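What follows is a short report on a single structure.
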Amino acid sequence: MHDKTRWTTFKYDKWDRLKKETDYLGKETLHTYLPQTGGGLKKTTDYATGAKDETLYNAFGWAIKSGAL
């Protein structure tokens with residue numbers, strides 16, 4: 001029998017993009033997506049530790065810039 005408290009869970013949006021991860025300690029990492037002019041996308045990740053990072057994608061889905069905030 002598996003102990004459910006030791007699982008990591010994942011939640012996705014309607015486009016099947018990762019929105020939230022919750023680890024077995026209950027710590028959450030959140031992912032947000034913001035469309036950009038010209039068809040690109042900005043993804044921001046808020047880690048459970050308080051750290052943040054951001055990745056910019058062009059209209060082809062290629063990562064063109066990333067870094068910590």
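The values are calculated or read from the model by the stated rules, or taken from the named source; none is laboratory data. Given the structure is predicted, the values throughout are model-derived calculations rather than measurements. In this analysis, Cβ positions are derived from the backbone assuming ideal geometry, glycine residues included, and neighbour counts consider all displayed protein chains. Calculation scope for accessible area: heavy atoms of the full protein, side chains included, ligands and nucleic acids excluded. Shrake-Rupley method; radii C 1.70, N 1.55, O 1.52, S 1.80 Å.
Which residue pairs have Cβ atoms closer than 6 Å, lie 6 or more positions apart in sequence or on different chains, and pair a first residue in the stretch 8-31 that is within 10 Å of Y47 (Cα to Cα) with a second residue that is in a loop (DSSP other than H, G, I, E, B) and open to solvent by 50 Å² or more (accessible area, probe 1.4 Å)?
Pairs found: K27/A48; E28/A48; T29/Y47; T29/A48.
Could you check the stretch 14-26 and list, in sequence order, the residues that are in a strand (DSSP E or B) and either open to solvent by less than 50 Å² (accessible area, probe 1.4 Å) or out of contact with any strand residue (DSSP E or B) (no Cβ under 7 Å at 6 or more places or on another chain) (or both)?
Correct list: L18, T22.
Mind checking which residues of the stretch 32-69 are of a type in the set (F, W, Y), more than 27 Å from W7 (Cα to Cα) and assigned to a strand (DSSP E or B)?
Y57
Here is a check on your reading of the model: is T29 surrounded by 15 or more Cβ atoms within 10 Å (Cβ to Cβ) and either among the basic types (K, R) or part of a strand (DSSP E or B) (or both)?
Numbers: surrounded by 15 or more Cβ atoms within 10 Å (Cβ to Cβ): yes; either among the basic types (K, R) or part of a strand (DSSP E or B) (or both): yes.
Taking the combined requirement at face value, the residue satisfies it.
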